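Here the structure comes first, spelled out in structure tokens, and everything after it is commentary.
The values are calculated or read from the model by the stated rules, or taken from the named source; none is laboratory data. Computed from a predicted structure; not experimentally measured. Because the Cβ atoms are built from the backbone with ideal geometry, glycine has one as well, and the counts that use them run over all protein chains shown.
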Amino acid sequence: MAKEKKYRDPVNWKKELRLAPGYLILLLWITFTFVLLGWVLLASFSTTKEIFSNKLLASGLHFENYSKAWVNSDVAGIFRNSLIYSVISCSLLIVICAPAAYVLARFIFPGNKLIQTGFVSAMGVPVVMIVLPLFGIVANMGILNHVLSNGILLIFLYIGINIPYTTIFLMTFFSNLSRAFEEAAAIDGCPPTKTFWLIMLPMAQPGIITVTIFNFINIWNEYFISLIFANSDKLRPIAVGLYSMINSMKYTGDWAGMFAAVVIVFLPTFILYIFLSEKIIAGVTGGGVKG
Amino acid sequence: MKRNKGMIILFLTPAVLMFSVIFLYPIVRTVIMSFFKIDGITDPVSKWQFTGLANFTKLANTSLFRISMWNLLRIWFIGGIVVMSLALLFAVIITSGIRFKSFFRAVIYLPNIVSAVALATMWLQYVYSPKFGLLKTVFSGLGLDSLAKVQWLDNDHKFAALLLAYCFGMVGYHMLIFASGIERISSDYFEAATLDGANKLNQFRYITMPLLKGVFKTNITMWSVTSVGFFVWSQLFSTVTADTQTITPMVYMYMQIFGAGNSVTERNSGLGAAIGVLLSVCVVAIFWVCNHLLKDDDLEF
């Protein structure tokens, strides 16, 4: 909508002048944002010496910061971990939550309201309330001692934590679809389960895409759960890995490498955002977050 | 109907089962744990010693925990006022008919999608750096040498530095919520008010603000829920374990239960559970107060 306006309206200078203070405030804020991100980006291509003498890029672009961070500090490893966690968790979240959301949005049955209330309340529960018993259970079961079972556990937790949000978000999409589709399918003799997978699920696609973007960003940036439950260096996701890397780089004094690592961590969600910012912003205010 | 029953059960089971394992069971168990003394987190229930409210009184008597609660309160209150004011201001500007609205909105929301670890590192290692920091460069460029010399990360300034960096990242989200609330208000109200001679400020005071009550409630609730879990920023900004300037209840809990180090005097998972219960009570209390103070007044619009 805003885009259309941009091309239609001729510049009304009187109106723009009245809005000048607003422009000024916003420009100050976003200038700061750009300086912050831009400087870090430039610093990641400079040498540590140049960073300290405030002469970024004085000796050209140093791509080796990235290759050093990627290989020597094993950013590649944590990057791969996070990618695996996010992709598997996001896909399974849809497989688990979409049917549940559909049933909750479309059918009246005892307990429906209770489950919805439970899911909504869970979104406000502090993580401290769940980590202690979960840790006790998995430590007793010996899950944390094996890399594979520990990895599966992490994915299981990422999925579980995001179930309430994903389900509630998708519910709004299903409840907005017309009932005519199901009725027509039922008349043609299509069983309800098949109706869901073949007709209703594809129609909720916009919601599925939006909620998957959010889940991806959440899981990619997840820190606390991973910090507690990732028992091996090999399993660390990007946020936890970056934290320990920053700590060690402070001692090695490789600031350029540290900024390169920050940029690598920042890039995937940033690229996603460049292409999908409108969808993400609509999603923040559209579904899920209720008053 | 019979066919539907089978489908309802089939479709709900995985989600409800996982919800019970990840949320329901742990929450109930945490509440129970908070009344027991539990030496090891993996101890079976038979080894738990019931101590009533001892965990809570112990927390109340631990100065480090009290400091952490005080820090959290300051983050919630001061940070809340700063974030809400800026978010509301930006939301009003964004919806006032400016050009490049989508662009401005997207850039302001941007910090919310960045990993907190990466964002905090940018602030710590660049903005606040005493050698090549942004603040130092800007202040010395303006000739404000006394400000340029400030060590932003020393004990006197660390908390403010932490709060500022955190708020910067949070404004975008709350701005979006406010902006969508403002956009839902029908323009008829403003047109009628303009015809009646009300200026912009009065329109904001008497139309926008009262109609945004529900949105305020959403924003305050969301802010409280995120503040209670304050952890990453605190961990990144603290230079020593149990840094009194930056410690929050979550950090204290993590230190007590999972952390190594000399600051742990006694291992008691019951204490950790009690912290969780305390924080949840805070969230519920804030929610309750908001619901009573900001009644929607059945304003339909």
Just to be sure, is A:Glu64 surrounded by fewer than 19 Cβ atoms within 10 Å (Cβ to Cβ), among the acidic types (Asp, Glu) and farther than 21 Å from A:Ser226 by Cα?
-> yes
Which helices (runs of 4 or more DSSP H) sit wholly inside the stretch A:166-240 and have at least 2 residues that are surrounded by 20 or more Cβ atoms within 10 Å (Cβ to Cβ)?
-> A:192-195, A:205-221, A:224-229
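Those residues that are surrounded by 15 or more Cβ atoms within 10 Å (Cβ to Cβ) and either in a helix (DSSP H, G or I) or of a type in the set (Asp, Glu) (or both), I need them from the stretch A:102-118; list them, please.
Of everything in the stretch A:102-118, those that are surrounded by 15 or more Cβ atoms within 10 Å (Cβ to Cβ) and either in a helix (DSSP H, G or I) or of a type in the set (Asp, Glu) (or both) turn out to be A:Tyr102, A:Val103, A:Leu104, A:Ala105, A:Arg106, A:Asn112, A:Ile115, A:Gln116, A:Gly118.
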Residue hits (the stretch A:69-105; out of contact with any Leu (no Cβ under 9 Å at 6 or more places or on another chain) and aromatic (Phe, Trp, Tyr)) are A:Trp70, A:Phe79
B:Ser234 is checked against (1) hydroxyl-bearing (Ser, Thr, Tyr); (2) more than 20 Å from the chain's Cα centre (by Cα); (3) not in a loop (DSSP other than H, G, I, E, B) and fails just one. What number does that condition carry?
-> (2)
May I ask you to verify whether A:Thr166 is among the polar types (S, T, N, Q) and at pLDDT below 90?
-> no
Test: A:Asn145 is within 8 Å of another protein chain (Cβ to nearest Cβ) and surrounded by fewer than 20 Cβ atoms within 10 Å (Cβ to Cβ) | no
Within the stretch B:256-273, is even one residue basic (Lys, Arg), touching a helix residue (DSSP H, G or I) at 6+ places or on another chain (Cβ under 9 Å) and assigned to a helix (DSSP H, G or I)?
-> no
Can you tell which of A:Pro268, A:Pro192, A:Pro206, A:Pro202 is modelled with pLDDT of 90 or more and not assigned by TED's automatic domain parsing to the domain that holds A:Ser59?
-> A:Pro202
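Quick grid of which residues meet (1) more than 14 Å from chain A (Cβ to nearest Cβ); (2) surrounded by 13 or more Cβ atoms within 10 Å (Cβ to Cβ); (3) without any contact (Cβ under 8 Å) to a residue 40 or more places away in the chain:
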{"position": "B:Gly133", "(1), (2), (3)": "no, yes, yes"}
{"position": "B:Ala165", "(1), (2), (3)": "no, yes, no"}
{"position": "B:Phe190", "(1), (2), (3)": "yes, yes, yes"}
{"position": "B:Ile207", "(1), (2), (3)": "yes, yes, yes"}
{"position": "B:Val215", "(1), (2), (3)": "no, yes, yes"}
If you go through the stretch B:13-28 one residue at a time, do you hit one that is without any contact (Cβ under 8 Å) to a residue 60 or more places away in the chain and touching a Leu at 6+ places or on another chain (Cβ under 6 Å)?
-> yes
Hits in the stretch A:26-85 (condition: at pLDDT 85 or above, among the β-branched types (Val, Ile, Thr) and in the same structural domain as A:Ile246 (by TED's automatic domain parsing)) = A:Val75, A:Ile78, A:Ile84
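Give the stretch A:155-194 a look and list any residue that's within 30 Å of B:Ser20 (Cα to Cα) and free of Cβ contacts under 8 Å to residues at least 40 places away in the same chain, or say none. Working first, answer last.
So in the stretch A:155-194, the residues within 30 Å of B:Ser20 (Cα to Cα) come out as A:155-177, A:191-194.
Scanning the stretch A:155-194 gives A:Phe156, A:Gly160, A:Asn176, A:Leu177, A:Pro191, A:Pro192, A:Thr193, A:Lys194.
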Can you name every residue in the stretch B:42-55 that is within 14 Å of chain A (Cβ to nearest Cβ) and loosely packed, with under 14 Cβ neighbours inside 10 Å?
-> B:Pro44, B:Val45, B:Ser46, B:Lys47
Here the residues within the stretch A:151-198 that are closer than 17 Å to B:Leu12 by Cα and of a type in the set (Gly, Ala, Ser) are A:Gly160, A:Ser175
Which condition does B:Arg184 not pass, out of (1) surrounded by 15 or more Cβ atoms within 10 Å (Cβ to Cβ); (2) within 10 Å of chain A (Cβ to nearest Cβ), if it passes all the others?
-> (1)
A:Ser121 versus (1) surrounded by 19 or more Cβ atoms within 10 Å (Cβ to Cβ); (2) hydroxyl-bearing (Ser, Thr, Tyr); (3) in a helix (DSSP H, G or I): which is the lone unmet condition?
-> (1)
Is it the case that some residue within the stretch B:145-156 is within 28 Å of A:Ile281 (Cα to Cα), more than 14 Å from every other protein chain (Cβ to nearest Cβ) and aromatic (Phe, Trp, Tyr)?
-> no
Working carefully through the options B:Thr218, B:Thr246, B:Thr226, B:Thr208, find the one that is out of contact with any strand residue (DSSP E or B) (no Cβ under 6 Å at 6 or more places or on another chain) and not in a helix (DSSP H, G or I).
-> B:Thr246
Taking the stated definitions as given, is B:Thr30 within 30 Å of A:Thr193 (Cα to Cα) and assigned to a helix (DSSP H, G or I)?
-> no
Do we find that B:Phe230 is within 24 Å of A:Val240 (Cα to Cα), touching a Lys or Arg at 6+ places or on another chain (Cβ under 9 Å) and surrounded by 19 or more Cβ atoms within 10 Å (Cβ to Cβ) in this structure?
-> no
